[in-house]
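Asker: Let me begin by handing over the structure; questions about it come next.
The values are calculated or read from the model by the stated rules, or taken from the named source; none is laboratory data. Bear in mind that the values here come from a model prediction, so they are computed numbers and not experimental data. So basically every Cβ, Gly included, is an ideal-geometry build from the backbone, and we count neighbours across all protein chains shown.
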Amino acid sequence: MKRPDYLSSKSAALKTTDTLLRRKANDGEQKSERALFDDAAHIYIYTHIYIHIYIFMRPILLKGHERPLTFIKYNADGDLIVTCAKDHHPTLWYAENGNRVGTYIGHNGAVWTADMTKDSKTLATGSADTSCKLWDVETGVCFHTFQFDQPVRAVSFAIGDDKMVITTDPFMGVNAAIHVVEIAKNREEQTSKILKTISGDGIVNGRLNRVVWGPLNETFLTAGEDGVLRLWDVETGKVLKEATDAHKGKPIQHLELSPDKTHAITASLDKTAKIFDSQNLELLKTYVADRPVNAAIISPIREHIILGGGQDAMAVTTTSSKAGKFDSKIYHKIFEEEIGGIRGHFGPINALAFCPDGRSFTSGGEDGYVRIHHLDNDYFDIK
């Protein structure tokens, strides 16, 4: 199938912007550092043409989980947040003020993943208890359960919400697998019918931590513990493209598409996050951190990337959050340089999510806390 023009133009635009900005930087831009703004809340430093941001915001602190966070998801409208943790209970919050809406009771194992339909009426969750559950978002009632023989690691609704892809872990000699299931329009008609299963030696290698649908529901991307990013054909179940050296064999912890679905960002234990073209898997950008990266997200409205991670909890021998490197790092999307950081968690950051309007983001850590960071007007005044 011919690639849509808008996909090609977006990736080309990313490269062109990079070239133009770097050329501008080399044509005599100011090279000295000077403070542009400095008060109790923010410090902005100008270096070359980069804005270095040190943000000391007071986030909304949510305490609703007793175990480490594993995944965070906003709904399409950006007014609800779903958080998943190892305590078995996915939780729903209001994004504006952090008030808890409710908890979904039914899983008997760590909940690794969640997704919500565009109309915010149905929530899907996947758990180590080998099940994927569909919930009524408003009432908290589980109206269907997909039962497997392996732990469920990742779920993702297709555009239109008529299908869902589910990944299951290798377990007791059974290979990891990818399942495409049908989602009925009427809940009373929902079944456990599986449209396609992809599995087998040499086909799916190791645990698949994340899966996301491509722009036309004809492909999906997977990433996991073998460090390989793969593009699959939904109809045939074949691998169309793969970036075998994406992270040099180190596990990929997180994968998500940009809002326009033209490129994907990965986060890996090799201490990098990378942006790839979502159609040909060409490497576009690399962001180098000084700690393992568990999550990476793309701002919907600014040329910014946020990374989260930190030392493994077992490797930390001090209670200092600074020593453990548990802050969220902001990088410039084009220049690949770190431009700021936000501290707060007392353990590795396991999950990040941007609000669809780009004016806030949420982080979840090994410490069991969820933090909603509302970015203030000074941040958006930066040109």
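Asker: Somewhere in segment 283-306, is a residue among the charged types (D, E, K, R), outside any loop (DSSP other than H, G, I, E, B), modelled with pLDDT of 95 or more and buried (at least 16 other Cβ atoms within 10 Å of the Cβ)? Can you show your working first?
Answerer: Of all residues in segment 283-306, those among the charged types (D, E, K, R) come to 285, 290-291, 302-303.
Filter again for outside any loop (DSSP other than H, G, I, E, B), leaving 285.
Remaining after also requiring modelled with pLDDT of 95 or more: 285.
Filter once more, keeping what is buried (at least 16 other Cβ atoms within 10 Å of the Cβ): 285.
Yes, segment 283-306 contains at least one residue that is among the charged types (D, E, K, R), outside any loop (DSSP other than H, G, I, E, B), modelled with pLDDT of 95 or more and buried (at least 16 other Cβ atoms within 10 Å of the Cβ).
Asker: So which residues in segment 160-176 are in contact with a strand residue (DSSP E or B) (Cβ under 7 Å, 6 or more places away or on another chain) and modelled with pLDDT under 95, if there are any at all?
Answerer: Asn175, Ala176
Asker: Got a number for residues in segment 121-178 being touching an Asp or Glu at 6+ places or on another chain (Cβ under 9 Å) and among the polar types (S, T, N, Q)?
Answerer: Counting residues in segment 121-178 that are touching an Asp or Glu at 6+ places or on another chain (Cβ under 9 Å) and among the polar types (S, T, N, Q) gives 7.
Asker: So, in segment 127-175, of the ones that are of a type in the set (S, T, N, Q) and under 17 Å from Asn108 (Cβ atoms), which residue ends up surrounded by the most Cβ atoms within 10 Å (Cβ to Cβ)?
Answerer: Looking only at segment 127-175, we keep the residues that are of a type in the set (S, T, N, Q), and these are 127, 130-131, 139, 145, 147, 150, 156, 167-168, 175.
Checking which are under 17 Å from Asn108 (Cβ atoms) leaves us with 127, 130-131, 145, 147, 150, 168.
On the way: Ser127: 24, Thr130: 18, Ser131: 19, Thr145: 14, Gln147: 11, Gln150: 19, Thr168: 27.
The residue in question is Thr168.
Asker: For Asn205, only one of the following conditions fails: (1) under 16 Å from Ile252 (Cα atoms); (2) buried (at least 19 other Cβ atoms within 10 Å of the Cβ). What is its number?
Answerer: (2)
Asker: Restricting to segment 359-374, and then to whatever is of a type in the set (Gly, Ala, Ser) and in a strand (DSSP E or B), can you tell me which residue is nearest to Pro348 (Cα to Cα)?
Answerer: Gly365
Asker: I've got another one for you. Among the residues of segment 103-122, which ones are surrounded by 14 or more Cβ atoms within 10 Å (Cβ to Cβ) and farther than 15 Å from Val152 by Cα? Before the answer, list the steps.
Answerer: Start the filter on segment 103-122 by keeping residues that are surrounded by 14 or more Cβ atoms within 10 Å (Cβ to Cβ), which leaves 103-104, 106-107, 109-117, 120-122.
Of everything in segment 103-122, those that are surrounded by 14 or more Cβ atoms within 10 Å (Cβ to Cβ) and farther than 15 Å from Val152 by Cα turn out to be Thr103, Tyr104, Met116, Thr117, Ser120, Lys121, Thr122.
Asker: Farther than 15 Å from Val293 by Cβ and at pLDDT 95 or above: is that true of Phe346 in this structure?
Answerer: On the way: farther than 15 Å from Val293 by Cβ: yes; at pLDDT 95 or above: no.
For Phe346, the condition - farther than 15 Å from Val293 by Cβ and at pLDDT 95 or above - is not met.
Asker: Can you find a residue in segment 340-361 that is closer than 22 Å to Leu269 by Cβ, acidic (Asp, Glu) and in contact (Cβ under 8 Å) with a residue 24 or more places away in the chain?
Answerer: No, every residue in segment 340-361 fails to be closer than 22 Å to Leu269 by Cβ, acidic (Asp, Glu) and in contact (Cβ under 8 Å) with a residue 24 or more places away in the chain.
Asker: Can you tell me which residue in segment 255-266 is nearest to Thr70 (Cα to Cα), limited to those that are touching a Lys or Arg at 6+ places or on another chain (Cβ under 6 Å) and assigned to a strand (DSSP E or B)?
Answerer: Ranking the qualifying residues of segment 255-266, first place goes to Leu255.
Asker: Let me ask something else about it. Anything in segment 231-244 that is assigned to a strand (DSSP E or B) and touching a residue at least 40 places away in the same chain (Cβ under 8 Å)? List them, or say none.
Answerer: As a first pass, look at segment 231-244 and keep what is assigned to a strand (DSSP E or B): 231-233, 239-243.
Selection gives Leu231, Trp232, Lys241, Ala243.
Asker: For Glu225, all conditions in the list (1) at pLDDT below 95; (2) in contact with a Ser or Thr (Cβ under 7 Å, 6 or more places away or on another chain) hold save one; what is the number of the exception?
Answerer: Checking Glu225 against (1) at pLDDT below 95; (2) in contact with a Ser or Thr (Cβ under 7 Å, 6 or more places away or on another chain), the one that fails is (2).
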